[in-house]
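J.: Have a look at this one before I ask anything.
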Amino acid sequence: MNKIAIIGCGNMGLIYANSFLRYKIVTTTNLLLVEKNESRQLALSALNIGRVVTADNAEIADCNIIILAVKPQDFKELAKSLKQVINPKSIILSIMAGTEISLIQSLLNNQQVVRAMPNLPVEISMGMTAYCTSSKVNINDMMLIENLLSTTGRTLYVKHEQQLNAVTALSGSGPAYFFYFMKHIIEAGVQMGIEEHISVILAKQTMLGAFQLINNGQKSLDEYICSVASKGGTTEAALRTFDENRMNEIIIKALLNAEQRAKELSLK
Ligand SMILES: NC(=O)c1ccc[n+]([C@@H]2O[C@H](COP(=O)([O-])OP(=O)(O)OC[C@H]3O[C@@H](n4cnc5c(N)ncnc54)[C@H](OP(=O)(O)O)[C@@H]3O)[C@@H](O)[C@H]2O)c1
């Protein structure tokens, strides 16, 4: 039976705790919720989903899986107490953005590290998480971690740690790009005289339908674009505006900038 310590039970830590319990990957008695914030500790205790302890608790040594879900800037301080109690055989799963495997290995003196980049829809089990591992993680442990991550949505292995910067730019930040696009589609609807709540429904269902088509249909993206954009029609008028303003280049440049920022942050 797994015994899991989730270190840092804020937004993400709590999502993982609930997801593991939902899929019975761990029991409440074998789940340690490691949290330093006092008001958060009280709130977690009231939920009754695991035992609430601090990062110097000796029971952490009994956990086969340790999840690091504190903010990256809090990790160095956390490592000082965690290092005293951690079992060198435990597998460490870090979701801290931009914190490299080598830093985790050296500060915790533990070589078996998995680094993952989830995104916000993990909240509703519709997340996209990509992960990579240190060379010391064996295939069984890798599958164990993949099963854990998959309780929050879809999971994908990437071979090279540097690729997590691109993952951060694409799927990590990605939900915000779609929210941004949708926000302005809704705004355009309002400018054309539609009530806002109607515009919201039109935009949401259109996004859902478009996603289902590309996920379940047989055509390529270009073929679907052609299916909507008939010659001389309304879609063509909108797409021409995108092209004239080099929207394609803007989108690619935006993601490359996000990737560059992820690289810079991981060097800090
Ligand atoms: N949110 C996302 O969409 C997302 C996506 C991908 C990755 N991530 C990563 O997920 C991690 C967690 O993000 P979050 O949004 O869940 O942060 P959060 O809500 O701030 O949760 C972190 C929790 O850890 C606590 N903490 C700090 N130091 C600790 C220590 N030494 N021992 C025990 N607990 C400690 C914090 O307490 P205090 O508040 O008192 O500091 C806080 O309650 C981050 O590294 C982030 O990069 C987040």
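J.: Would you mind getting me the FRET efficiency between residue 48 and residue 71? Use the beta-carbon distance for r and R0 = 35 Å, nearest 0.05. Can you show the working numbers first?
T.: Working: r = 26 Å, r/R0 = 0.74.
Once the sixth-power term is evaluated, E becomes 0.85.
J.: Sort 142-149, 189-196, 212-219 for me by packing, meaning the mean count of neighbouring Cβ atoms within 10 Å per residue, highest on top.
T.: Numbers: 142-149: 18.4, 189-196: 11.4, 212-219: 9.9.
With the highest mean Cβ count within 10 Å placed first, the list reads 142-149, 189-196, 212-219.
J.: In the neighborhood of residue 156, defined by Cβ-to-Cβ distances under 15 Å, what is the net charge if each Lys or Arg adds +1 and each Asp or Glu adds -1? Walk me through the numbers on the way to the answer.
T.: Working: positive: 115, 154, 159; negative: 146, 161.
The answer is +1.
J.: Sorting check: for 240-253, 37-50, 86-99, which peptide has the highest mean count of neighbouring beta carbons within 10 Å, and how do the rest follow?
T.: Going by the mean number of other Cβ atoms within 10 Å, highest first, we get 86-99, 37-50, 240-253.
J.: Taking the simple approach of a point 7 Å from Cα along Cα-to-Cβ for both residue 182 and residue 229, what is their distance in nm?
T.: Placing both labels 7 Å along Cα→Cβ, they lie 2.3 nm apart.
J.: Could you sort out which of 3/136; 3/159; 183/253; 71/263; 3/71 sit more than 25 Å apart by Cα distance in this structure? Mind showing how you got there, number by number?
T.: Details: 3/136 20 Å; 3/159 27 Å; 183/253 20 Å; 71/263 17 Å; 3/71 23 Å.
In this structure, 3/159 exceed 25 Å between Cα atoms.
J.: Connecting C-alpha atoms closer than 10 Å in a GNM of the chain, tell me which of 233, 153, 172 has the biggest fluctuation.
T.: 233
J.: Pop out the ³J(HN,Hα) list for the range 231-247 in order, Karplus 6.51 cos²θ - 1.76 cosθ + 1.60 with θ = phi - 60°, rounded to Hz; leave Gly and Pro as x.
T.: Once rounded to whole Hz, the list reads 4, x, x, 5, 4, 4, 5, 5, 5, 4, 4, 4, 5, 4, 9, 6, 4.
J.: When Lys and Arg each count +1 and Asp and Glu each count -1, what net charge do the other residues less than 15 Å away from residue 116, Cβ to Cβ, add up to? Working shown, then result.
T.: Working: positive: 115, 154, 159; negative: 100, 141, 146, 161.
Taking every other residue near residue 116 into account, the sum is -1.
J.: Subtracting the Cα-Cα distance from 0.36 nm times the residue separation, let me have the gained length for residue 190 to residue 250 in nm, one decimal. Please report the intermediate quantities before stating the final value.
T.: On the way: separation 60, 0.36 × 60 = 21.60 nm, distance 2.49 nm.
Working it through step by step, the gained length comes to 19.1 nm.
J.: Here is a further query. What nm value, rounded to one decimal, do you get for the distance between residue 23 and residue 237 when each label is placed 7 Å out toward the C-beta?
T.: 4.8 nm
J.: Using only the alpha-carbon atoms of the range 67-209, report the extent along each of the three principal axes, biggest first, to the nearest angstrom.
T.: Principal extents (Cα only, largest first): 63, 31, 24 Å.
J.: Just 226, 63, 132 to compare: in a GNM of the chain, with alpha carbon springs under 10 Å, which one fluctuates most?
T.: Checking each option, the largest mean-square fluctuation is seen for 226.
J.: Please identify, among 151, 234, 129, the residue showing maximal mean-square fluctuation in a Gaussian network model of the chain using a 10 angstrom Cα cutoff.
T.: Between 151, 234, 129, it is 234 that shows the largest mean-square fluctuation.
J.: To continue, here is another question. Can you give the translational diffusion coefficient of the chain in µm²/s, computed by Stokes-Einstein from the Kirkwood radius over Cα pairs at 20 °C and 1.002 mPa s? Could the numbers behind the result be given before it?
T.: On the way: Rh = 20.8 Å.
Translational diffusion coefficient: 103 µm²/s.
Every number in this text was worked out from the coordinates using simple rules, so none of it is lab data. As the structure is a prediction and not an experimental result, all values here were calculated from the model. With ideal geometry, Cβ positions are generated from the backbone for all residues, glycine too; neighbour counts draw on all protein chains shown.
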